[in-house]
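Here the structure is laid out as structure tokens; the discussion comes afterwards.
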Amino acid sequence: SQQGEEDPQALSIQEGENATMNCSYKTSINNLQWYRQNSGRGLVHLILIRSNEREKHSGRLRVTLDTSKKSSSLLITASRAADTASYFCATVASGGGADGLTFGKGTHLIIQP
Amino acid sequence: NAGVTQTPKFRVLKTGQSMTLLCAQDMNHEYMYWYRQDPGMGLRLIHYSVGEGTTAKGEVPDGYNVSRLKKQNFLLGLESAAPSQTSVYFCASSWRAGSYNEQFFGPGTRLTVL
């Protein structure tokens with residue numbers, strides 16, 4: 001079963017605008033990760049946020065985590081055409097780890113030039 | 001440093017045929033994973049391995065077998081392919097368990113079962 005659910009399923013914005021996508025999950029987690037997948041390619045890790053962290057930055061990316069609401073958000077600032085991709089959140093359940101990540105269905109982001 | 005590589009990139013099988021997908025990593029990672037991705041879906045874990053000679057079942061293991069005879073290789077086998085196994089298969093590896101760090105993914109194998 002899929003732990004995370006991203007929202008929206010699809011998002012189209014103009015280049016230069018900010019893009020925000022959300023992820024909700026069901027059970028307690030150890031950490032939450034965001035991955036990007038370009039069309040026809042494998043997934044690339046973007047950022048990891050641990051359950052005791054509330055916010056994390058990496059370049060133009062900002063991730064927040066609210067464990068009380070079991071939700072996370074990914075903000076991409078000053079979007080570029082190259083940001084067009086699908087974005088997935090993935091979780092590791094508390095007490096888990098070796099048994100892989102649980103992915104949501106993803107948000108498909110399109111950046112219009 | 002090639003990272004994670006997968007062979008083949010594409011394959012078409014007939015129902016009942018068998019095949020093996022090969023995953024190789026050159027990062028000396030202990031943990032390796034096989035996922036499948038269906039249209040409009042996230043990845044689902046098939047099997048994983050926490051080290052050479054060990055394997056374990058993931059969320060959707062039925063119809064698949066795996067082997068990890070060498071640390072750098074993780075094989076996924078389909079003994080009798082079914083149309084429901086049409087999917088894109090991704091291999092991933094990580095230095096430690098997923099609770100501590102990121103996974104590195106291969107480019108995927110697109111499998112069609114007729």
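Tell me, how many Å apart are the Cα centres for region B:22-74 and for region A:15-34?
Here the answer is 25 Å between Cα centres.
To the nearest whole number, what is the average tally of beta carbon atoms from other chains within 10 Å of the beta carbons of peptide B:15-25?
0
Multiplying the sequence separation of residue B:110 and residue B:41 by 0.36 nm and subtracting their Cα-Cα distance, what value in nm do you get?
My answer for the length gained is 23.4 nm.
So if we plug the beta-carbon distance of residue A:80 and residue A:22 into 1/(1 + (r/R0)^6) with R0 = 25 Å, what FRET efficiency do we get, rounded to 0.05?
Given R0 = 25 Å and the Cβ-Cβ separation, E is 0.75.
If R0 is 35 Å, what FRET efficiency do you get for residue B:28 and residue A:112 from their C-beta distance, rounded to 0.05?
0.25
With a 10 Å Cβ neighbour count serving as the proxy for reagent exposure, in which order, fewest first, do B:62, A:83 appear?
B:62, A:83
What is region B:1-98's relative contact order, in percent, from Cα pairs under 8 angstrom and six or more apart in sequence?
35 percent
Under 11 Å from the Cβ of residue A:26, count the other residues' Cβ atoms, weight Lys and Arg +1, Asp and Glu -1, and hand me the total.
Local net charge: 0.
Starting from the amide H of residue B:42, placed 1.01 Å from N in the peptide plane, find each other amide H under 5 Å away whose residue is 5 or more places distant or on another chain.
Amide H to amide H, under 5 Å and 5 or more residues apart or across chains, residue B:42 pairs with A:105.
Summarise the partner chain shielding of A:45-52 as one whole number: the mean count of Cβ atoms from other chains within 10 Å of each residue's Cβ.
Whole-number average of other-chain Cβ neighbours for A:45-52 is 2.
Given springs between every Cα pair under 10 Å in a Gaussian network model of chain B, which of B:28, B:73, B:65 has the largest fluctuation?
Comparing B:28, B:73, B:65 in the GNM, the peak value goes to B:28.
Considering only the other residues whose Cβ falls under 13 Å of the Cβ of residue B:80, what net charge follows from Lys and Arg at +1 and Asp and Glu at -1?
-1
On a full-extension model of 0.36 nm per residue, what is the gain between residue B:7 and residue B:95, subtracting their alpha-carbon distance, rounded to one decimal in nm?
Once the chain is fully extended between residue B:7 and residue B:95, it gains 29.5 nm.
Cut-off under 22 Å on the C-alpha distance; same-chain residues fewer than 8 positions from residue A:105 excluded. Which lysines are left, in chain and number order?
Straight-distance partners of residue A:105: A:26, A:69, A:70, B:57.
Taking beta carbons within 10 Å but only from partner chains, what does the mean come to for residues B:33-43?
Taking all residues of B:33-43 together, the mean is 5.
Test of understanding: in a Gaussian network model of chain B with alpha carbons linked when under 10 Å, which of B:104, B:74, B:90 would top the mean-square fluctuation ranking?
B:104
In region B:42-80, which trypsin sites (Lys or Arg not before Pro) fall in coil by DSSP and have 12 or fewer other Cβ atoms within 10 Å?
Sites meeting the loop and neighbour criteria: B:70.
Which ³J(HN,Hα) values in Hz, rounded to whole numbers, follow from the phi angles of region A:76-83 under the Karplus curve 6.51 cos²θ - 1.76 cosθ + 1.60, where θ = phi - 60° and Gly and Pro get x?
10, 8, 6, 4, 10, 4, 5, 7
Rule-based calculations on the coordinates, nothing more; no lab input. These numbers come from a predicted model, not from an experiment. Positions of Cβ are backbone-derived with ideal geometry, glycine not excepted, and every protein chain shown enters the neighbour counts.
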